[in-house]
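The values are calculated or read from the model by the stated rules, or taken from the named source; none is laboratory data. Just so you know, these numbers come straight off a predicted model, no measurement behind them. Neighbour counts are summed over all protein chains in view; Cβ atoms, including those assigned to glycine, are modelled from backbone coordinates with ideal geometry. Surface accessibility is based on the protein's heavy atoms, side chains included, excluding ligands, DNA and RNA. Shrake-Rupley method; radii C 1.70, N 1.55, O 1.52, S 1.80 Å.
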Amino acid sequence: MRAPLSWLKDYVDITLPVDELEEKLTLAGLEVANVEYIGVRPPESVRRRKQMKADEVITGNGHIVWERDKIFVGQIVESRKHPNADRLILATVDYGAGEPMTIITGAPNLKPGDSGQKVAFATLGSVLIDPYADHFKTMRLKSGKIRGIRSEGMACSEKELGISEEHEGIIILPDDAPVGAPLADYLGDVVFDIDITPNMIRIASIIGVAREVAAITGAALHAPLPTWQTQAPPASDYCDIEIVDDDLCYRFTATIIRDVQVKPSPFWMQHRLKLLGQRPISNLVDITNYVMFEWGKPLHAFDYDRLRERARSIGKDKVKIIVRRAEEGERFTTLDNVERTLDHDVLMICDEVGPVGIGGVMGGLETEISDTTTTVLLESASFNFINIRQTSRKFKLPSEAAYRFSRGVPSELDPIGNIRGAQLMADLGGGDIASGIVEDYPRPQTMVEVPVTARDVERWLGIALSQDEIVAILQRLEFETRVEGETIWATAPWYRLDVNITADVLEEIARIYGYDNIPITMLSDELPPQRHNWQLELEEHLRDILTGAGLQETINYTLTTVANHAKLYPDQPELAPTADQFITLANPLSSERVVMRRSLIVSALENLRRNLRYQDRLATFELGLIYIPEEGDGELPAEQRRLSIAMTGPRDPGGWLGGDPEPMDFFDLKGVIEVMLERLNAGPATYEPADMPYCGPRCARVLVDGEAIGVFGELHPRVRQAYDLPDRPVVVADLDTDALLPYFRQKTHLRPFSDFPPVKEDIALIVDEDIPAGRVEALIRQTGGPMLIDVRLFDLYRGKSIPIGKKSLAYSLTFQSPTKTLSDKDTAKFRRKIVGRLSREIGAQLREG
Amino acid sequence: MDDLNQLQEQIKLELIAARDPEALEQWRIKYLGRKGLMNNLFRGLGSMLVEDRAARGKALNQFRQMVQEAFEERQQALKEAQLQAELAAEGVDVTLPGRRPQLGHIHPISRTLRDIYRVFSNMGFQIYTARDVETDEVNFQLLNFPKGHPAREMQDTFHTTVPDILLRTHTSPGQIRAMRDYHPEPIRVILPGKCYRYEQVTARSEMMFYQVEGLAVGRHITFADLKGTLVAFANQLFGEGRKLRFRCSHFPFTEPSAEVDIDCISCGGKGCRLCKYTGWLEILGCGMVHPNVLRNGGYDPDIYSGYAFGMGPERIAMLLHNVDDIRYFYANDARFLPQFA
Ligand SMILES: [Zn+2]
């Protein structure tokens, strides 16, 4: 909402400096998004914050300062044709000091022979806006000869002064403009641009803002309700009104204004509308807009004669307005000349012939006012705001009127708008007003009386106010109050629809008391029972472990595509999740983000592809959710926590000390997982071959205590291709963090350790190729007993001296006794036992030499 | 005894000439070895007259001791010299790069969340995680946004193909879920999570972003407590001495509502580009939990009151780390992420 200071001052005494008022409005919930300084210099505090130089004339938003000693209200003394140029006019201007100055102008609104017009006169040296530049640019007015005659100043257009984009002619000021006054004093202004929160639609008007200024600053408000005097025949002779669907239209009022003359509205009205960013059109149209901005009441003007013709066409003499829902499929042409198909949810303003307007949204073409209109039926009505919103969206017809109606306009405002509009039409259009208002008001606006006590204020806001103080605050806001014992019964003024419960009143008290004046206290309430969030604690711990292992954390979009999931199933497309197995957006923003992911691997691979353009080594992880509809509660999908890891590129890019350029593979990832599980104290972990559609043959399932917690492996080459990844190993893991939860919470039990020296013993075994190393190690550990404290595989060998179909596994075993130093005899015994068992159970042979 | 004096000179000169362990060993063999000069001199004693023998023997013993000491001294000196030479050879250019283990980094948003958790944990708040895919009822209706309410326009929504199932537009539905889980206990929780808005992605707005919501419900919780909590938070996260400004605002699920600014961390309030020359930076929204919301969560608003606040960790991270484009966070660019230590 744009609110010019000059206009606000019509209704409220403003003595505060502009910057202080801006701050007060903002703190009270009228967020001032911007302040425009038109012709006047911003206050000191603003100039300092914006680091403006002392003589800066640009005030921002396309505005400039009109220097008080250079730009004045002037008056044309005489004007005549330029002797050497047909289309130029030579005029002399009196600006209240010294001799009148000669100016040369080509403005179409000044003709030879004109005199007496008041103009905005800029003397030489004035800074103005260059109207011909294609972007904002200032110029300093210099003396110059045009066709032999020297110009001594300029009569300015609005564009040159930064008032509007208008540059067709020069500004002609009202006749009562004081000649010689600095223009900044006469026309300079400050416009507040205020953001309106949805509950504050009452400030979508100048009077609405003025009421707030009065309440916030304590200044007096003078915005009397408009009245009229008329002797004309009653409006009820002209029309009847019937609201059929009173769930959508609460009140409909109409006035009739006869014998109006359509012409441009006066300077003051045009100027105010321009300050609000509106283009003046004609007095009748401008008046409906003006009343909307002044009081917040949208009006609609019908050409009464058109309505009358329609009535006569069906043999009726009197117009009857009927407010009803549209028929399904009914057609109607709005005043933008678009034929629209209606449905039963659209509220129509009709006569007995058919629709003449979409209620609250747009009028019809046929009954629209025009230059030849002489009698106006002025509508002021109030509607169901939700319904107006739907209709305005349905037809994509946003407007200032629909904006206000779709947030709720009080019915009590309907006659006020009508009286004010009719009064202005009579004043500015020369018409006269039929007496009385015709209306149907089936659902009178209800006034809620809300109880509030000093205890409520203390309990909710933490401030101690007396009953009198509370009443005083509410009265500043024009509430009616009634005290009954402890309780204050508060009724909001008629223009507020947003106060219905005690908390609403408490907010008003806090707002006027000032949020800044509320004390700062620490919670003194009872501390709630303290609980762990194990899942979050586990994830935080995993972040530390995995970053410690050299992995970068990523957070990816959870939205992706079905096709990206399908890429994970190169050989078995039939296994890929189908479109109906996803949470799918009904209104996606882009074709890349349509469904909620069912796999973190998809995100990880998309991320690798993007980053491999800049970097050849990537090791990342993500802790996030996947969304599985079929495992949900029937209404909402299951949201499962997962951990993904992805690694590709050289193991150690190295440097001058050497490195390891070999690509990271299955065992690099397995190492990370082993370390991770160890640090989580989750064990014992076992690994078994797995067969995942997106992996090649190197693929494993990891189990903890026999429970599967996830899979990992090297990506299938065709998946790499599908994701546009380079032709080299990529390893990925998909782990279920929920499954890790029980182990994370497991306590550590200290194992005793010995002070006697450990003894190392190497053992190399030849076993069948298909015996997994994990089995061999498990057997060694079982057989070795408690003295065997460590088993480490240090060599895997195939080839010379090993028979085909066999492999050699070499282990370093560490024995230690808690009670004595082990002798060679002891270790030889252990060794014999182990070799014997391995030989019996898996046919292992000791490798000699 | 002159012969010994002469000999002494010669031996010492030769000893000085032995500059490495090999030369020293040669010298030792020559003079102190089994067949060396010293033993030869002692053998000479046998052919001497008995009366001369004692004096000569004593002199020889002294001589041998002197030679032995000189040898040991020289040996020690050579060892020391060798050690010094070896140490000198081992010096390195300390400016050469070290052997680095691979480095990983926590995502800047995870870090910011951690910082926020830590501050609120100290005030007795616990982390409560709620779901991403929500119902219209919990995301909107129970939070006082009835269908068709104008406040819904502020939160453009991603709807799913299932009617009334949507991606949560804010973390506030977690308020309802936490209250329904915990009532009638008092509550102090922090609700972090991803949120989604149907908004064009620009440098300033993302379709997916995080929010952190705070909720406290109890029998004696006031707006003054809300101010106290947030002042404590801002001072811990943004540094001591921060000024806070509470502006009246509107959220359907709180009453009264406020938006909170801190004095600009870049210019200290003097006015700069970051704060758009206002001196203030908006960091969060807050208010007293609306009675309808308390009731929807299972708490009687005549007995209980509560406050809620919400903030964007991206915004906070952007302010703290000079990030000027929100899109960096979820693009996971390998040039961006590792910058956050
Ligand atoms: Zn700043």
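Cα atoms only: what Rg and Dmax, in Å, come out for region B:270-341?
When restricted to the Cα atoms of region B:270-341, Rg and Dmax are 18.5, 54 Å.
Report the Rg/Rh value for region A:449-516, based on alpha-carbon coordinates and the Kirkwood definition of Rh. Intermediate results must be reported in sequence, preceding the final value.
Numbers: Rg = 10.7 Å, Rh = 11.7 Å.
My calculation of the ratio gives 0.91.
With the alpha-carbon atoms as the only input, what is the per residue convex hull volume for region A:282-399 in Å³? List each step's numbers first, then the result.
Values: hull volume 12.5 nm³, N = 118.
Looking at region A:282-399, the number lands at 106 Å³ per residue.
What translational D, rounded to a whole number of µm²/s, comes out for region A:209-249 from Stokes-Einstein when the hydrodynamic radius is the Kirkwood one over Cα pairs, at 4 °C and 1.567 mPa s? Let's see the in-between values first.
Details: Rh = 14.8 Å.
Answer from the Stokes-Einstein relation: 88 µm²/s.
One-quarter of the Cα convex hull surface for region B:2-89, in nm²?
On the way: hull surface 23.7 nm².
The directionally averaged projection comes out at 5.9 nm².
Work out how much length A:LYS53 to A:LYS263 would gain on full extension: take 0.36 nm times their residue separation and subtract the Cα-Cα distance, in nm to one decimal. Could you put the intermediate results ahead of the total?
Details: separation 210, 0.36 × 210 = 75.60 nm, distance 4.48 nm.
Fully extending the segment from A:LYS53 to A:LYS263 adds 71.1 nm.
Taking Cα atoms of region A:734-832, Rg/Rh with Kirkwood Rh, to two decimals? Kindly include the intermediate steps, with their values, before the conclusion.
Details: Rg = 17.5 Å, Rh = 16.1 Å.
The Rg/Rh ratio comes out at 1.09.
How big is region B:237-279 along each principal axis, measuring the range of its Cα positions in Å and listing the largest first?
Each principal axis gives a Cα extent; for region B:237-279 these are 33, 23, 12 Å.
Per 0.36 nm of contour for each residue apart, how much would the distance between B:ASP181 and B:GLN68 grow if the chain were fully extended, relative to their Cα-Cα spacing?
Working: separation 113, 0.36 × 113 = 40.68 nm, distance 9.27 nm.
Additional length available on full extension: 31.4 nm.
For peptide B:253-261, compute the average count of partner chain beta-carbon atoms within 10 Å of each residue's beta-carbon. If you can, show how the numbers build up before the last one.
Values: counts 0, 2, 10, 13, 5, 7, 4, 1, 1.
Mean partner-chain Cβ count within 10 Å for B:253-261: 5.
Within region A:344-400, report the trypsin sites (Lys or Arg not before Pro) that DSSP leaves as loop and that have at most 16 other Cβ atoms within 10 Å.
Working: sites: A:ARG389, A:ARG393, A:LYS394, A:LYS396; in loops: A:LYS396.
Loop-located and lightly packed - A:LYS396.
How big is region B:108-340 on each of its three principal axes, counting only the C-alpha atoms and giving the largest first in Å?
Sorted largest first, the three principal extents are 46, 43, 30 Å.
Note down the net charge around A:THR558, summing +1 for each Lys or Arg and -1 for each Asp or Glu among other residues with Cβ under 15 Å from its Cβ.
On the way: positive: A:ARG593, A:ARG597, A:ARG598, A:ARG641, A:ARG642, B:ARG131, B:ARG168, B:LYS194, B:ARG197; negative: A:GLU592, A:GLU606, A:GLU622, A:GLU639, B:ASP132, B:GLU134, B:GLU206.
Around A:THR558, the surrounding residues sum to +2.
Quick one: which of B:LYS12/B:LYS58; A:LYS394/B:LYS147; A:LYS159/B:LYS276; A:LYS9/A:LYS263 span more than 25 angstrom between C-alpha atoms?
Working: B:LYS12/B:LYS58 21 Å; A:LYS394/B:LYS147 16 Å; A:LYS159/B:LYS276 27 Å; A:LYS9/A:LYS263 28 Å.
Result: A:LYS159/B:LYS276; A:LYS9/A:LYS263 exceed 25 Å.
How large is the helix-only mean residue ellipticity at 222 nm for the protein assembly as shown, computed as the sum of -39500 (n - 2.57) over DSSP H runs with n ≥ 4, divided by its residue count, in deg cm²/dmol to the nearest 500?
Numbers: 34 runs with 367 residues, N = 1190.
So the helix-based figure for the protein assembly as shown works out to -9500 deg cm²/dmol.
Given the options A:THR334, A:ILE388, A:HIS271, identify the residue whose Cα lies farthest towards the positive end of the charge dipole of region A:235-440 (+1 on Cβ of Lys, Arg; -1 on Cβ of Asp, Glu).
Farthest along the dipole direction, towards plus: A:HIS271.
Calculated FRET efficiency, A:ASP317 and A:ASP246, Cβ-Cβ r, R0 35 Å, to nearest 0.05?
According to the calculation, E is roughly 0.85.
Label B:LYS79 and B:ILE265 with points 7 Å out from Cα along Cα→Cβ: what is the distance between them in nm?
In this crude label model, B:LYS79 to B:ILE265 measures out at 6.3 nm.
Give the ranking of B:ASP324, A:ASP114 by solvent-accessible surface, highest area first, calculated with a 1.4 Å probe. Please report the intermediate quantities before stating the final value.
Working: B:ASP324 115, A:ASP114 30 Å².
Solvent-accessible surface, decreasing: B:ASP324, A:ASP114.
Output the 0 to 90 degree angle, nearest 10, between the alpha-carbon long axis of helix A:206-217 and the longest principal axis computed from the alpha carbons of chain A.
The helix A:206-217 is inclined about 70 degrees to chain A.
Using a 7 Å offset from Cα along Cα-Cβ at B:ASN5, what residues in region B:44-79 end up with backbone N under 16 Å from the label point?
Taking a point 7 Å out along Cα→Cβ of B:ASN5, the residues of region B:44-79 whose backbone N falls under 16 Å are B:59-60, B:63.
Calculate the translational D of region A:786-846 in whole µm² s⁻¹ from Stokes-Einstein, where the hydrodynamic radius comes from the Kirkwood formula applied to all Cα pairs, the temperature is 25 °C and the viscosity 0.890 mPa s.
Details: Rh = 13.3 Å.
It comes out at roughly 184 µm²/s.
By how many degrees, between 0 and 90 and to the nearest 10, does the Cα long axis of helix A:385-394 differ from the longest principal axis of chain A?
So the inclination is approximately 80 degrees.
What's the percent breakdown of Cα-Cα distances in region A:235-440 across 5 Å bins, shortest bin first?
1, 8, 17, 21, 22, 17, 10, 3, 1, 0
Distances over 37 Å make up what percent of all Cα-Cα pairs in chain A? Display every interim value, and only then the final one.
Numbers: 242083 of 359976 pairs.
Of all Cα-Cα pairs in chain A, 67 percent lie more than 37 Å apart.
Based on alpha-carbon positions alone, could you give the equivalent ellipsoid semi-axes of region A:67-187 from the gyration tensor, as √(5λ), descending, whole Å?
Details: eigenvalues 74, 63, 39 Å².
Output for region A:67-187: semi-axes of 19, 18, 14 Å.
Expressed as a fraction of 2.2 N^0.38 Å, the rule-of-thumb size for a compact globular protein of N residues, what is the C-alpha radius of gyration of region B:47-103?
Working: Rg = 26.0 Å, N = 57, 2.2 N^0.38 = 10.2 Å.
That works out to 2.54 for region B:47-103.
Between helix A:773-784 and chain A, what is the angle of the helix's C-alpha long axis to the longest principal axis, kept within 0 to 90° and rounded to the nearest 10?
Roughly 60 degrees between the two axes.
Could you name the lysines in cross-link range of A:LYS833, using Cα to Cα under 26 Å and dropping any fewer than eight places away on the same chain?
Result set, ordered by chain and number: A:LYS760, A:LYS806, A:LYS807, A:LYS820, A:LYS825.
Report the calculated FRET efficiency for B:VAL162 and B:ARG219 (r = Cβ-Cβ distance, R0 = 45 Å), to the nearest 0.05.
Details: r = 39 Å, r/R0 = 0.88.
Efficiency at R0 = 45 Å is approximately 0.70.
Note down the magnitude of the dipole of region A:235-440 about its Cα centre, charges +1 on Lys and Arg C-beta and -1 on Asp and Glu C-beta and zero elsewhere, to the nearest 20 debye.
Details: 25 positive and 33 negative charges, 150 e Å.
So the dipole magnitude of region A:235-440 works out to roughly 720 debye.
As an exercise, identify the trypsin sites (Lys or Arg not before Pro) in region A:79-124 lying in DSSP coil whose Cβ has no more than 13 other Cβ atoms within 10 Å.
Listed in order of number, the matching sites are A:ARG87.
Along each of its three principal axes, how wide is the spread of alpha-carbon positions in region A:41-109, in whole angstrom units, largest first?
Each principal axis gives a Cα extent; for region A:41-109 these are 51, 26, 17 Å.
At a Förster distance of 60 Å, what's the computed FRET efficiency of A:LEU124 paired with A:THR333, Cβ-Cβ distance as r, to 0.05?
On the way: r = 55 Å, r/R0 = 0.92.
Once rounded, the FRET efficiency stands at 0.60.
State which entries of A:LYS111/A:LYS137; A:LYS81/A:LYS137; A:LYS81/A:LYS145 exceed 20 angstrom in Cα-Cα distance in the structure shown. Let's see the in-between values first.
On the way: A:LYS111/A:LYS137 29 Å; A:LYS81/A:LYS137 31 Å; A:LYS81/A:LYS145 16 Å.
From the list (A:LYS111/A:LYS137; A:LYS81/A:LYS137; A:LYS81/A:LYS145), the Cα-Cα distance tops 20 Å for A:LYS111/A:LYS137; A:LYS81/A:LYS137.
Connecting C-alpha atoms closer than 10 Å in a GNM of chain B, tell me which of B:SER47, B:SER305, B:SER172 has the biggest fluctuation.
Result: B:SER47 has the largest fluctuation of those listed.
With each label point set 7 Å from Cα along the Cα-Cβ vector, what nm distance links A:SER45 and A:THR487?
Placing both labels 7 Å along Cα→Cβ, they lie 4.2 nm apart.
Assuming 0.36 nm per residue, please report the length gained on full extension of the stretch B:PHE336 to B:ASN61 beyond their Cα-Cα distance.
90.8 nm
What spacing in nm lies between the two simple spin-label points modelled at B:GLU51 and B:GLU137, each 7 Å away from Cα in the Cβ direction?
Result: 13.6 nm between the two label points.
I'd like the projected area of region A:534-745, averaged over all directions, using the convex hull of its alpha carbons. Report it in nm² with one decimal.
Working: hull surface 51.1 nm².
Hull-based average projected area comes out at 12.8 nm².
Taking the Cα centre as origin and putting +1 on Lys and Arg beta-carbons and -1 on Asp and Glu beta-carbons, what dipole magnitude results for region A:759-846, to the nearest 20 debye? Present the calculation step by step, with values, prior to reporting the outcome.
Working: 16 positive and 11 negative charges, 46 e Å.
With only Lys, Arg, Asp and Glu charged at Cβ, the dipole is about 220 debye.
Calculate how large, on average over all directions, the projected area of the Cα convex hull of region A:517-574 is; give the answer in nm² to one decimal. Show your work: numbers first, answer last.
Details: hull surface 41.2 nm².
Averaged projected area of region A:517-574's Cα convex hull equals 10.3 nm².
With no solvent and one equal point scatterer per Cα, compute the Debye intensity ratio I(q)/I(0) for region B:295-334 at 0.16, 0.18, 0.23, 0.26 Å⁻¹ and report its log10, rounded to two decimals.
Debye intensities relative to I(0), on a log10 scale: -0.57, -0.60, -0.77, -0.92.
Work from the charge dipole of the protein assembly as shown (Cβ charges, +1 for Lys and Arg, -1 for Asp and Glu, about the Cα centre) and give the residue of B:TYR330, A:LEU21, B:VAL217 farthest towards its positive end.
The listed residue farthest towards the positive side: B:TYR330.
Out of A:VAL127, A:HIS82, A:PRO108, whose Cα points farthest toward the positive end of the dipole of region A:67-187 (charges: +1 Lys, Arg; -1 Asp, Glu; placed on Cβ)?
A:HIS82
Taking the Cα centre of the protein assembly as shown as origin, sum charge times position over the Cβ atoms of Lys and Arg (+1) and Asp and Glu (-1), and report the length of that vector in debye to the nearest 20.
4580 debye
Can you pull out the GluC sites (Glu not before Pro) in region A:612-669 whose DSSP state is coil and whose Cβ has at most 13 other Cβ atoms within 10 Å?
Details: sites: A:GLU622, A:GLU630, A:GLU631, A:GLU635, A:GLU639; in loops: A:GLU635.
Here the GluC sites (Glu not before Pro) that fit, given the DSSP loop and packing criteria, are A:GLU635.
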